Each structure stands twice: as structure tokens, then as C-alpha cells.
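Rule-based calculations on the coordinates, nothing more; no lab input. Given the structure is predicted, the values throughout are model-derived calculations rather than measurements. Here Cβ is always computed from backbone atoms with ideal geometry, including for glycine, and neighbour counts include all displayed protein chains.
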Amino acid sequence: MSAPAHSPEIPIGIDQIRDAADRLEGLAHRTPVLTCSALDRRVGASVFLKCENFQRIGAFKFRGAMNAILQLSDDERRSGVVTHSSGNHAQALALAAKLAGVPACVVMPHSAPAIKRQATEGHGARVVSCEPTVESREATVARLIDEHGYALVHPYDDWRVIAGAGTAALELIEESGPLDVVTAPIGGGGLMAGTCLATAGASPETRLIGAEPSRADDARRSLELGRIQPSDNPRTVADGLRTSLGTRPFAVLSRHLERIVAVEEPEILEAMRFIWERLNIIIEPSCAVPVAALLSGRVPGIAGTRIGVILTGGNVDLDPMFQHLAGRWLGHAL
């Protein structure tokens, strides 16, 4: 795919991602790359799983947040940072800011799970509630910037965040060796953009394939039409992939992605269960989407190839599961 004429320039590449890797050394975990013979048999290929569910705060988001925090000016460090997020980026920015001694404020919709708000506050961030719409999030952030002079660290539409996210793919390639395909899920597009830039620089012959829920396929439609399509808060179990593409990720994906594969909700849950059962690790639904694309046979031309997958995170709300178990075996809810 070629970038649309109105796309912004792409000022980062493999050099900036390697710089980010240097900054993150000793701060971000170098997460393991796991394999599974049962998965290889099902897919008909050799699959290498980059396990960002073992990253700090349980998701790849720490990489981008920390890389952004480390590049703040002295004035920005004093004023503090702000973002909007109801999930992993909120916790990631809160922890990164805490480690750097920078004040942090996170705008979260009032509908966000209480456990995520508590985790974000637990890292020392101030949490400000808003309505569960993109417009309310952005308006609240803009107001806080005007009032307090905060520096914005966007969850995905920020070159520093994209470069940090790209370090996961860089490590994957370094540890697994040459790969024929690299795939990752797409929400706002920051991870996939960083993955594209890292892979294009470190392994230019590797095919790049994104994965989305079919109920939240705005990235696929955006690339087909050449302009960003709204997400409209789709109903999918992959809650981390409900947001629309950012302009910066859109520019990168338009230039580097071979295709985006869409998968169905039952396929996402089946992939999530497969990884839980066969690898004995916890992944979240958004993380299972590229695995579902492989298990469902929706990715063409992969027989006998070497495939890298970014497992993005493992932050699952376990309350419903344990409430069900308590009701079944104890006769009452916990």
C-alpha cells in the first residue's frame, strides 16, 4: 500500500527505534519469545510469540510511554504530562511518570473498570473522569492542558510512543532470527506502526500483516479508502482495539502493511483459550486477535514460513471468572 498524498511525513525509522531501545534498557523488560509445537502444527508454520504480557504493567504500552517521558524537556517535566486512556496506556504513563519523577494526569471515562482506575492511581497519577466518548476525552485533555500546562503524551498518535512500541518488534527479530511474516493487532495503530518501522529497517523482506476484529475493522476500511474511518465504539470483546486510527499510524500503515486480516468474535475467544491452555500464559482478548488470524487460516501464503507475533498484553478482568467459580463451587459470590 502507498501512503495517501495528505499523510504526514514519517520522521522516524529504525535509527530512532534503536535509540528508544537504548533509552529503555534497564527500565523496560526484555520479554521472552516463546514457541508452541501445538500452535505450529495448527498453523503449519513456525510461530514465535513476543510475550509483552510479561512487560511492566502487563502490556507493551510501557515501552512507548517510558520512551516519551524520557524525551521531555525540563519545562515539560516540571509541568507534568496528561493523556486520555481507559486501559493499558493509562497505567503505563502513570508508572513511567512515577519512575521519572514527573507529575501525571490521566483522563478516563467514568465507565472504565474500577480496577483500572485504581491501578492508575496506585502509580501516583491523578485521574480525571469524563464521558465515554472521544469528544469528551479530547475536550477534557485540552482543558487540563490550558489550566495546568501539561504536555500531552497521546496513547498512539505520537512519534515517541510509536518508536518505543517498535522496540518490541526489534527484540523479536533479534531473538528469533529472520522472519517471513510479522503480525500484530491494530487499535489506534501505534504498535503496528512501530512494528512496521522496526521490521522494515531490520528485516526489509519480511511481510507485515495487521489483524483486527471484523466488528472493529476501521483500520482495514481506512487503508482501502485512503482516509481514516471512524471506529464508532464497536461492540467487540477486544476492548483495546475499539479506537480509531491516529494520523501518524495511518501514514505508516498505508506505506508498509501488506494487508489487514479481520477475524470474528468466536475466533478471538478460541485463540485466547488456545494460548491460555497450551502455553499456560494469560493474554487479553485484543492480544489474541493476530493469533486468531493465524488459527483461522485467514492469513494467506504462510505454510512452512517463520512468523512473528506480538502478544500485546495480559491484563484481563478476572472478576467474572472467579465470581462464576465461587457461585458454582461455594454457592455464593465472592
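So how far apart, in nm, are the two label points at M321 and V128 if each is 7 Å from Cα heading toward Cβ? With each label placed 7 Å out from Cα toward Cβ, I get 3.6 nm. With the alpha-carbon atoms of region 177-334 aligned to their principal axes, the span from lowest to highest coordinate is 56, 37, 23 Å, starting with the largest.
Were the residues from A114 through I281 laid out at 0.36 nm apart, the gain over their Cα-Cα distance would be 57.7 nm. For region 281-329, the square roots of the Cα gyration tensor eigenvalues, ordered a ≥ b ≥ c, give a/c of at least 1.5 with a/b greater than b/c, which places it in the prolate category. When all alpha carbon pairs of the chain are counted in 10 Å bins from zero, the resulting P(r) reads 6, 27, 36, 23, 7, 1, 0 %. Using Cα positions and a limit of under 16 Å, work out the lysines in reach of K98, with same-chain residues fewer than 8 apart set aside. Partners found: K61.
Here the extension length gained between H332 and D232 equals 32.2 nm, from 0.36 nm per residue of separation less the Cα-Cα distance.
Highest first, please rank the peptides 317-328, 15-26, 277-288, 61-72 by the mean number of other Cβ atoms sitting within 10 Å of their residues.
Ranking the peptides 317-328, 15-26, 277-288, 61-72 by packing returns 61-72, 277-288, 15-26, 317-328.
First check a/c for region 62-152, with a ≥ b ≥ c the square roots of the eigenvalues of its C-alpha gyration tensor; if it is under 1.5, answer rounded, and if not, answer prolate when a/b is larger than b/c or oblate otherwise. Write down the numbers at each step before the final one.
Numbers: a/c = 1.97, a/b = 1.26, b/c = 1.57.
The shape class here is oblate.
Using the Cα gyration tensor of region 5-55, with a ≥ b ≥ c the square roots of its eigenvalues, what is the shape: rounded (a/c below 1.5), prolate (a/b larger than b/c) or oblate (neither)? Oblate shape, in that a/c is at least 1.5 and b/c is the bigger or equal ratio.
FRET efficiency for the pair E147 and D74, taken as 1/(1 + (r/R0)^6) with r the Cβ-Cβ distance and R0 = 35 Å, rounds to 0.95.
Among the complete DSSP H segments of the chain, which ones combine at least 24 Å of alpha-carbon extent along their axis with a mean Kyte-Doolittle hydropathy of 0.0 or more?
Values: long enough: 159-176 (26 Å, 0.54).
Going by DSSP H runs, the hits are 159-176.
Could you put I186, I14, I307, I268 in order, starting from the residue whose Cβ has the fewest other Cβ atoms within 10 Å? Could you put the intermediate results ahead of the total?
On the way: I186 34, I14 17, I307 25, I268 28.
Ascending number of Cβ neighbours within 10 Å: I14, I307, I268, I186.
Report the far tail of the P(r) of region 1-93, meaning the percent of Cα-Cα pairs longer than 20 Å. Of all Cα-Cα pairs in region 1-93, 57 percent lie more than 20 Å apart.
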